[in-house]
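Read the structure below first, then the notes.
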């Protein structure tokens, strides 16, 4: 399949990839895994929204780990993935600039992602983020045709909408306490002891609750997508000035951490101000993490320190779906049935063990193949032609 009178259209080759971005994606995947295994696979995610909260018999170490994850990791890792997805979309947009089929290929890319997401959502795990990413991608795609200033304005607008929704929640969007309590009670029974079909039926029944959760963060996802595209357009990710990145990292981490800690400690008074502090702090902290990791990964010592994460980041799609399959078997009734039976530390230890296994597997796989298996399938369906897989091809 040829481009319009030019070379054949093809995915970016491994040699053309920016290692620092892959490193950041691989590190962010650890944060996503930690939150998913502790707050969704181990127990019902909706348990935290019950008021008054049910009594939890957590050990001191469980409580400490849960606090650290909440303050330092929760939602920040997902925000990083949103930034990186927007960057990836902008990279694809730029690489296809000379093709008259650019829009068609990018739309096809998002349609394939949506299909993967719906399969993942319905058949494997309803904590899926791929469906939301595909839908957000359709909204972001038209902005990529505009100038850089339009991306900056759109990012601020969507992030501003997200922050406004935290201060002024849309009425009727979130279900009542009784519905949440019933769902948590059913989850504790079905996820822990149900067979595959029982879990599947309950997973589908839970989707409306997850849709409500996604509705609250959807504007943030779009805003971070556009912000990631803007960062790519500025060139800061292609030829990063390390001192600038590390300065941005220090400022964002400092301010974001201060806002989150003040919110958690109750030092900020006023309901609306408190409602704004935590989500704003989360965005700033994610930006700080991203700038810091990319800055470090561009240092020679940083490459040695974080280089192990690059193969994992190159195969993030495959690893993300594999985690859902593995944790589903570990925690749900059709497997080991550990749902609701483990503390935070034990669940996190299992998650870290899986992550370490994926680090080694990703490095082994990419020594032999150009792409992860799901990445290869995604590219093949996007371009409409089988892509070369083996490194020797």
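The values are calculated or read from the model by the stated rules, or taken from the named source; none is laboratory data. The structure displayed is predicted, hence computed values, not measured ones. As a convention, Cβ positions derive from the backbone with ideal geometry for all residues, glycine included, and neighbour counts pool all protein chains shown.
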Checklist entry - Which numbered condition trips up residue 338, out of (1) in contact with a strand residue (DSSP E or B) (Cβ under 9 Å, 6 or more places away or on another chain); (2) surrounded by 19 or more Cβ atoms within 10 Å (Cβ to Cβ)? => result (1)
Checklist outcome for this item: If we keep only residues of the stretch 78-101 that are farther than 13 Å from residue 237 by Cβ and surrounded by fewer than 19 Cβ atoms within 10 Å (Cβ to Cβ), then the residue nearest to the chain's Cα centre (by Cα) is 92
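Quick grid of which residues meet (1) out of contact with any strand residue (DSSP E or B) (no Cβ under 9 Å at 6 or more places or on another chain); (2) in a helix (DSSP H, G or I); (3) crowded, with 20+ Cβ neighbours inside 10 Å:
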site	(1), (2), (3)
137	yes, yes, yes
173	yes, no, no
178	yes, yes, no
197	yes, yes, no
200	yes, yes, no
222	yes, yes, yes
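Only residues that are without any contact (Cβ under 8 Å) to a residue 24 or more places away in the chain and in a helix (DSSP H, G or I): list them for the stretch 353-384, please.
Let us first name the residues in the stretch 353-384 that are without any contact (Cβ under 8 Å) to a residue 24 or more places away in the chain, namely 353, 356-357, 360-361, 364, 368-369, 376-377, 380.
Residues satisfying the conditions are 353, 356, 357, 360, 361, 364, 376, 377, 380.
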Next on the checklist: Please go through (1) in contact with a strand residue (DSSP E or B) (Cβ under 6 Å, 6 or more places away or on another chain); (2) crowded, with 21+ Cβ neighbours inside 10 Å for residue 389 and return the number of the only condition it doesn't satisfy.
Outcome noted: (2)
Next on the checklist: Tell me the residue from 210, 230, 202 that is within 30 Å of residue 124 (Cα to Cα) and at pLDDT 95 or above, please.
Outcome noted: 202
Item to check | Out of 337, 295, sole residue that is assigned to a helix (DSSP H, G or I) and touching a residue at least 40 places away in the same chain (Cβ under 8 Å) | outcome: 295
